[in-house]
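Values in this text are rule-based calculations from the coordinates and carry no lab data. This one's a predicted model, so the numbers in the text were calculated from it and none came from an experiment. Counting neighbours? That spans all protein chains shown, and the Cβs are built from the backbone with ideal geometry, glycine included.
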Amino acid sequence: MAAPKVAVVGAGVVGLSTALCVAETFPACSLAVVAEQFTPDTTSDVAAGMLIPHTTPGTPIHVQKQWFKETFTYLFAISNSVEAAEAGTHFVSGWQVFKSTPKEELPFWSDVVLGFRPMSEAELQKFPQHSCGQAFTTLKCDCPPYLLWLEKRLKAKGVQMYTRKVANLWELQSEYNIVVNCAGIGAHQLVGDQKLFPVRGQVLKVHAPWVKNFIRDGDGLTYIYPGIHSVTLGGTREKESWSLSPNPNTTKDIFDRCCALEPSLQRAQDIKVKVGLRPSRACVRLQREILSQGGAKLLVVHNYGHGSGGFSMHRGTAKEAAHLVGECIAALQDFSSRAKL
Ligand code: FAD
């Protein structure tokens, strides 16, 4: 059988990392990334890129923990290598603070991040509105550099990149044996997934180089995440809102909330406003599917619906998607040997 031809639809963090895992696992495949938008114009470019998972109800906790751990281990190695500056990955320490004692004593990811511990009384003095908190060190991606780094690695492996909107996965059937759907919120239209919905997020990217520690209100709504080139101030979670236009009232509200947590941000400069739609679902759709139409078959692997945690889980889900691609390759070999009988 000739080398299988695989197309990955989507060039956000999920599509690029899935393509990279497929290229690493099955180097004999001919692989292409097909996407309407590439960096810097994807949802993944808007994200803060922090490795702090959000719990999703439809996936067992041990699976979410496995995805997070694989992602953390992968980025830990990059952050300790000479690649770190180009990949835009780095360690960041800080605090998650609460106004009242959280229901959950220990988050499931507490033994994956580094040095997780309750905050001391002295640390809590910095946050007079809050009664308790947790201190830890995690990893962060500066998103556009990380996406560029992934693209560069793919190109070095001979992966082709095509800018194209795909209206229907069948469009790719004449050119590819396997299609991997990593379209993010675009999957709502592409495969008509009614369980997928946007959770709009507005953030500010500001110049405040003196801010070195992250601060996250335990409600997950207000956060200050310092990156290499800018600090991300957030945010909003607006379920079912498809609007990509920045809302000036929200900008002021985010700024005021973040200044309440870190008053020195009053001096922040060069404020840029970004909006993105989190591709949300009760669980990530990580699934193999065989589509049939008039006697023809198309092997599809879905990997979308990462909601608020695309960066936190991308390498773990990419590895699982690559495993499903492996099952598709085995099925293709089976079809071709049966056709010869
Ligand atoms: P996208 O980045 O949206 O990529 C989808 C790709 O598919 C694009 O290339 C698009 O052009 C392409 N596509 C779609 N439809 C089609 C089509 N029909 N034909 C061809 N191409 C198509 N996550 C974290 O883990 N940590 C954070 O700190 C964090 N902060 C966030 C802050 C904000 C404000 C927002 C909005 C999100 C945040 N997230 C965070 C979530 C994270 O951004 C997403 O989970 C992640 O970006 C999803 O990646 P994706 O590759 O699935 O989607």
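Quick notes
- Global form of segment 293-341, assessed from the alpha-carbon gyration tensor, a/c cut-off 1.5: oblate
- Contact order, relative form, for the chain: 25 percent (alpha carbon pairs under 8 Å, 6 or more residues apart, mean separation divided by residue count).
- Across segment 201-207, computed HN-Hα scalar couplings (Karplus, 6.51 cos²θ - 1.76 cosθ + 1.60, θ = phi - 60°) run x, 10, 9, 10, 10, 10, 8 Hz from first to last residue, x flagging Gly and Pro.
- Counted without the sites themselves, the longest stretch of the chain free of GluC sites (Glu not before Pro) in a DSSP loop having at most 16 other beta carbon atoms within 10 Å is 241-341.
- Distance between the C-alpha centres of segment 1-73 and segment 85-163: 18 Å, rounded to the whole angstrom.
- Shown for the chain are the DSSP H helices of 27 Å or more along their axis, judged by Cα atoms, with a mean Kyte-Doolittle hydropathy of at least -1.0: 310-340.
- In the chain, the DSSP beta bridges split such that about 70 percent are antiparallel, to the nearest 5.
- Pairs of Cα atoms nearer than 8 Å and 6+ residues apart set the relative contact order; for segment 120-234 it is 17 percent.
- Stokes-Einstein D (µm²/s) once Rh is taken as the Kirkwood radius of the chain over alpha-carbon pairs, at 25 °C in 0.890 mPa s: 117
- Per DSSP, loop trypsin sites (Lys or Arg not before Pro) in segment 67-114 with at most 15 further Cβ within 10 Å: Lys99, Lys103
- Computed lengthening from Thr137 to Val82, 0.36 nm per intervening residue step minus Cα-Cα distance: 17.8 nm
- Rounded to the nearest 500, the 222 nm mean residue ellipticity of the chain from helices alone is -9500 deg cm²/dmol, with -39,500 (n - 2.57) taken per DSSP H run of at least 4 residues.
- Straight-line reach from Lys272: taking Cα to Cα under 14 Å and skipping same-chain neighbours fewer than 8 places apart, the aspartates and glutamates in range are Asp45.
- With 24 Å as the limit, the listed pairs Lys155/Lys319; Lys69/Lys140; Lys157/Lys297; Lys69/Lys165; Lys5/Lys319 have Lys157/Lys297; Lys69/Lys165 beyond it between alpha carbons.
- Residue-wise HN-Hα coupling along segment 83-92, computed from phi with Karplus coefficients 6.51, -1.76, 1.60 (Hz; x: Gly, Pro): 6, 3, 5, 5, 6, x, 9, 7, 7, 8
- Length-normalised contact order of segment 26-168 in % [C-alpha pairs under 8 Å, at least 6 apart]: 42
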